[in-house]
Structures are given as C-alpha cells and as structure tokens.
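A.B. asks: Below you will find the structure I want to go over with you.
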Amino acid sequence: METILTGNIWKQVNRQVRAAKCRLFGVAYISNDCHLRFKPNDILICDASDRAIRTGETSALVLKLLLQKGIEIHSCPDLHAKVAVFGRYALIGSCNLSIMSAEYKIELALLTDRTQIVAQATAFIHSLRESSKKIDGKFLQRILRIKVRPPRRLGRVYR
C-alpha cells in the first residue's frame with residue numbers, strides 16, 4: 001500500500017501512529033505535538049541547534065515536555081528530512097511537527113507499508129540517532145535559556 005497524503009498529514013496518520021508499539025521520528029523541526037501524542041520510549045531526532053531554538057523552529061519547551069514523558073530525543077543540526085516509522089508504516093514527506101505545517105502549509109507525504117521502504121527509513125533514523133547528540137537535562141537547560149526571536153517574513157511572524 002502506498003498513498004499520497006496532503007493537508008494536515010499528522011492528523012491523518014494519527015490512528016496508525018497511536019496503534020504502533022515502535023515509533024521513530026526524524027523530523028527537522030518540532031514546535032507543537034498536538035496532532036501526535038508521543039509515548040514513552042519513542043525516538044525523536046530533530047534539529048535542536050541554537051539557531052533552530054532561537055528562531056522558534058524547534059521549541060525547547062516542547063522538547064522539555066517530551067523528555068519528561070520518557071521520549072528519547074537527539075539533536076541533529078541542519079537536519080531537514082521528515083520521516084517517521086510507526087509499526088509497519090513509513091511516512092516520508094515535507095511535514096514538520098508544527099502548527100504551521102499542520103494548519104497553514106501545503107504539505108505532501110508518502111505513506112507506505114512496503115517492507116523495503118520501512119526498513120530503509122528505519123535504518124536512516126537509526127543512523128541519525130547514532131550521529132546525533134542525545135538531549136539530556138544539561139543540554140535542555142542550556143537551550144531553555146536561549147532567547148527566541150522568530151524571523152519576520154512577509155510582514156508576519158512565523159510560528
């Protein structure tokens with residue numbers, strides 16, 4: 001099964017994500033998790049670089065809440081990929097975990113249960129995990145002190 005999704009992609013795959021025991025996410029930016037409820041032992045790799053935190057593309061507060069829930073989080077500066085593996089499914093597309101992505105951007109993703117693609121996506125996320133910095137309490141305390149200054153584009157602030 002392969003299908004192309006558009007619109008609020010995370011809301012569309014929420015049922016499959018919730019049902020999965022093993023959930024892996026390699027998503028560039030995370031500033032909101034309202035459409036996706038993380039579970040303890042999920043793995044999230046994102047860009048939690050000082051730049052991503054400063055611009056508000058990734059939220060240190062959201063990362064703090066996820067870490068408190070028992071999510072394993074890693075920071076991979078300059079990550080731009082958006083891939084998730086949940087159970088027998090892989091999702092590969094353009095969507096970050098943000099309100100902008102969910103509600104305002106035109107997004108597209110491929111949802112597949114093709115075994116080879118799921119295995120390759122899983123391997124990709126694990127390779128990111130190995131080459132990224134694990135976010136611990138010390139890392140989190142440092143990024144929580146970064147002043148957030150979202151860039152102004154086209155006369156409005158992006159969030």
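The values are calculated or read from the model by the stated rules, or taken from the named source; none is laboratory data. Just so we're clear, the structure is a prediction, and the values are computed from it rather than from any experiment. Cβ sites come from the backbone with ideal geometry, for glycine too, and all protein chains shown count toward neighbours. Each accessible area value is taken on the protein alone, full model and side chains, heavy atoms only, with ligands, DNA and RNA left out. Shrake-Rupley method; radii C 1.70, N 1.55, O 1.52, S 1.80 Å.
A.B. asks: If you go through region 37-55, how many residues are surrounded by 20 or more Cβ atoms within 10 Å (Cβ to Cβ) and either over 10 Å from the mean Cα position of the chain (by Cα) or in a strand (DSSP E or B) (or both)?
C.D. replies: Qualifying residue count, region 37-55: 8.
A.B. asks: When the residues of region 93-117 are filtered to those that are of a type in the set (D, E, K, R), open to solvent by 40 Å² or more (accessible area, probe 1.4 Å) and under 25 Å from Ala60 (Cβ atoms), which remaining residue is modelled with the lowest pLDDT?
C.D. replies: Applying the filter and picking the extreme gives Glu103.
A.B. asks: Quick one: how many residues across region 66-81 are in contact (Cβ under 8 Å) with a residue 60 or more places away in the chain and either surrounded by 19 or more Cβ atoms within 10 Å (Cβ to Cβ) or part of a loop (DSSP other than H, G, I, E, B) (or both)?
C.D. replies: Pass one, region 66-81, residues in contact (Cβ under 8 Å) with a residue 60 or more places away in the chain: 67, 72-75.
If we keep only those that are either surrounded by 19 or more Cβ atoms within 10 Å (Cβ to Cβ) or part of a loop (DSSP other than H, G, I, E, B) (or both) as well, we get 73-75.
Of the residues in that region, 3 qualify.
A.B. asks: Can you give me the number of residues within region 1-36 that are in contact (Cβ under 8 Å) with a residue 24 or more places away in the chain and either within 13 Å of the chain's Cα centre (by Cα) or open to solvent by less than 40 Å² (accessible area, probe 1.4 Å) (or both)?
C.D. replies: Qualifying residue count, region 1-36: 23.
A.B. asks: Kindly list the number of the only condition in (1) over 15 Å from Leu24 (Cβ atoms); (2) open to solvent by less than 30 Å² (accessible area, probe 1.4 Å); (3) of a type outside the set (A, V, I, L, M, F, W, C) that fails for Arg145.
C.D. replies: (2)
A.B. asks: For region 82-92: of the residues being assigned to a strand (DSSP E or B) and touching a Ser or Thr at 6+ places or on another chain (Cβ under 9 Å), which is most open to solvent (accessible area, probe 1.4 Å)?
C.D. replies: My answer is Ile92.
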